[in-house]
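First the structure, in the form of structure tokens, and then the observations on it.
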């Protein structure tokens, strides 16, 4: 498995488990979005199904690695996906996807003795799909392993959590995050990279998205709104201009991550009134992000909503100082 900078402890735990006499059948990979959990899951799956003396086959094409994720929302989106273009997805991973996976489990693996199921992410399972998955976790076929990616493990069924061993992916420190960014070979000036390091909350994926979507100006505006508010909406007008008139889904999702990092910074405040406002805004931003991939939306309105949520932080700070 390739070295994962900043996640050496996670890698050590996994290697120790692999070296044991009986590897647990279900693993819950937890941590903030953009920490590399899905990348780790694919690499771990490739390692699990590899046969001695045979070349490692990528997870995307290996017949004994199944990846469950949200499917394209429509036939047109399926075509866009096949063309490698941006596409909308369904709200959830549905029960039929889980049942199709279970039908595969009654057959033997194709190339070896092991099969791996990756669910990216298990947070997206609809209720009936989660209940169906539980049956497989309770009585997995011999040689079957589950790698379940979760950004919000607290929202999972306790019965699912209890059947999994947990691998936690903590935020990277500044030095490790800088090393990861340098390995991406990104075309970004030092100022942009420094801004990404600050805004990413220790998540390599968030840092890369920050640079890819040129969010330095938007980050500056959002941070100012969180401090000064935006009663006349002027700052939100500047935010729309900084993001472009029609920001795509990926850029909007990256911007949500930036806004959440600003909330997370305020969560570390010693004042409960400020922490509470930040937590509320953080979760509201998460709800907004959950709708962006599949909803028909106006990108400009989504940007305005993000600014409005951060303006609540400024209001909480003003009320706190006035009290």
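The values are calculated or read from the model by the stated rules, or taken from the named source; none is laboratory data. This is a predicted model, so every value here is computed, not measured. Neighbour counts run over all protein chains shown; Cβ positions are idealised from the backbone, glycine included.
Residue by residue through segment 137-152, note down the ones that are out of contact with any strand residue (DSSP E or B) (no Cβ under 6 Å at 6 or more places or on another chain) and within 30 Å of residue 289 (Cα to Cα).
Those that are out of contact with any strand residue (DSSP E or B) (no Cβ under 6 Å at 6 or more places or on another chain) and within 30 Å of residue 289 (Cα to Cα): 151, 152.
Look through segment 256-274, keep the residues that are over 14 Å from the mean Cα position of the chain (by Cα) and farther than 16 Å from residue 227 by Cβ, and return whichever of them is modelled with the lowest pLDDT.
For segment 256-274, the residue satisfying everything is 270.
Residues that are surrounded by fewer than 19 Cβ atoms within 10 Å (Cβ to Cβ), on the phi < 0 side of the Ramachandran plot, at pLDDT 90 or above and in a helix (DSSP H, G or I): does segment 60-75 have at least one?
No: zero hits.
Looking at segment 263-288 only, could you name the residues that are within 20 Å of residue 195 (Cβ to Cβ), free of Cβ contacts under 8 Å to residues at least 60 places away in the same chain and surrounded by 15 or more Cβ atoms within 10 Å (Cβ to Cβ)?
Residues satisfying the conditions are 263, 265, 266, 285.
Give me the residue from segment 1-10 that is closer than 15 Å to residue 204 by Cβ and not in a loop (DSSP other than H, G, I, E, B) and, out of that set, modelled with the lowest pLDDT.
8
Conditions first: (1) over 21 Å from residue 286 (Cβ atoms); (2) surrounded by fewer than 19 Cβ atoms within 10 Å (Cβ to Cβ); (3) touching a residue at least 40 places away in the same chain (Cβ under 8 Å). Residue 241 passes all but one, so which condition is the exception?
(3)
So which residues in segment 21-56 are assigned to a loop (DSSP other than H, G, I, E, B) and closer than 26 Å to residue 290 by Cβ?
Matches in segment 21-56: 31, 32, 33, 34, 35, 36.
Within segment 101-129, track down each residue that is free of Cβ contacts under 8 Å to residues at least 40 places away in the same chain, assigned to a helix (DSSP H, G or I) and touching a strand residue (DSSP E or B) at 6+ places or on another chain (Cβ under 9 Å).
101, 104, 105, 123, 129
Per-residue answers, yes or no, for (1) touching a residue at least 60 places away in the same chain (Cβ under 8 Å); (2) under 25 Å from residue 161 (Cβ atoms); (3) touching a strand residue (DSSP E or B) at 6+ places or on another chain (Cβ under 9 Å):
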{"residue": "4", "(1), (2), (3)": "no, yes, no"}
{"residue": "20", "(1), (2), (3)": "no, yes, no"}
{"residue": "27", "(1), (2), (3)": "yes, yes, yes"}
{"residue": "67", "(1), (2), (3)": "no, yes, yes"}
{"residue": "70", "(1), (2), (3)": "yes, yes, yes"}
{"residue": "79", "(1), (2), (3)": "no, no, yes"}
